[in-house]
Amino acid sequence: MLKEGGRDKVFERTFEILPGEKLLKAYACYLSTSSGLVIGTLYLSTKRLVFHGDEPLCHYAPSGQQEWVYYKVPLLLDQLSFVSRSSKGLDNSEKYIQVVTRDGYEFWFMGF
């Protein structure tokens with residue numbers, strides 16, 4: 001991350017910056033998916049909450065062609081209906097954030 005210019009530069013290069021948007025915080029964490037945990041970075045800006053995986057994952061296109069893609073979850077803050085954080089103790093691996101969008105999608109970020 002440092003060799004790429006820091007988290008601010010990675011955020012700017014990875015996601016198109018919205019007018020007036022400023023990055024507030026970035027957290028290394030995991031995103032829980034149906035196929036397991038994906039390690040990456042959760043970015044909080046003045047307009048969005050976005051996750052970007054650290055390593056590309058294998059994906060098969062409808063044509064059957066194998067592709068390697070980075071897992072990305074971009075969420076506008078006004079799309080969120082519910083955000084909850086929880087901790088089951090002092091261990092960082094037991095801390096998580098649950099995010100639910102207005103259209104009912106649920107995301108679990110953990111291992112902060």
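Evaluating residue 37 against the criteria (1) within 24 Å of residue 24 (Cβ to Cβ); (2) open to solvent by 70 Å² or more (accessible area, probe 1.4 Å); (3) in contact (Cβ under 8 Å) with a residue 40 or more places away in the chain leaves one unmet condition, (1).
Checked against (1) within 26 Å of residue 6 (Cα to Cα); (2) in a strand (DSSP E or B), residue 18 passes all but condition (2). A residue that is touching a strand residue (DSSP E or B) at 6+ places or on another chain (Cβ under 8 Å), in a loop (DSSP other than H, G, I, E, B), open to solvent by 80 Å² or more (accessible area, probe 1.4 Å) and over 22 Å from residue 14 (Cα atoms) occurs nowhere in segment 47-57.
Search segment 20-34 for residues being farther than 13 Å from residue 50 by Cβ, open to solvent by 80 Å² or more (accessible area, probe 1.4 Å) and hydroxyl-bearing (Ser, Thr, Tyr), and hand back the single one that is modelled with the highest pLDDT. Even if it seems obvious, please write down each step before you answer.
Initial filter on segment 20-34 (farther than 13 Å from residue 50 by Cβ): 20, 22, 28, 30, 32-34.
Keeping just the survivors that are open to solvent by 80 Å² or more (accessible area, probe 1.4 Å) gives 22, 30, 34.
Next, from what is left, pick out any that are hydroxyl-bearing (Ser, Thr, Tyr): 30, 34.
On the way: 30: 96, 34: 89.
Residue satisfying both the conditions and the ranking: 30.
Of the listed requirements (1) more than 15 Å from the chain's Cα centre (by Cα); (2) within 19 Å of residue 106 (Cβ to Cβ), residue 67 misses just one: (2). State all residues of segment 62-112 that are part of a loop (DSSP other than H, G, I, E, B), among the charged types (D, E, K, R) and either surrounded by 14 or more Cβ atoms within 10 Å (Cβ to Cβ) or at pLDDT 95 or above (or both); if no residue qualifies, say none. The answer is 102, 103.
The values are calculated or read from the model by the stated rules, or taken from the named source; none is laboratory data. Because the structure is predicted, anything quoted here is derived from the model rather than measured. Every residue, glycine among them, receives a Cβ derived from its backbone with ideal geometry; neighbour counts consider all protein chains shown. Protein only, heavy atoms only, side chains kept; ligands, DNA and RNA dropped before computing areas. Shrake-Rupley method; radii C 1.70, N 1.55, O 1.52, S 1.80 Å.
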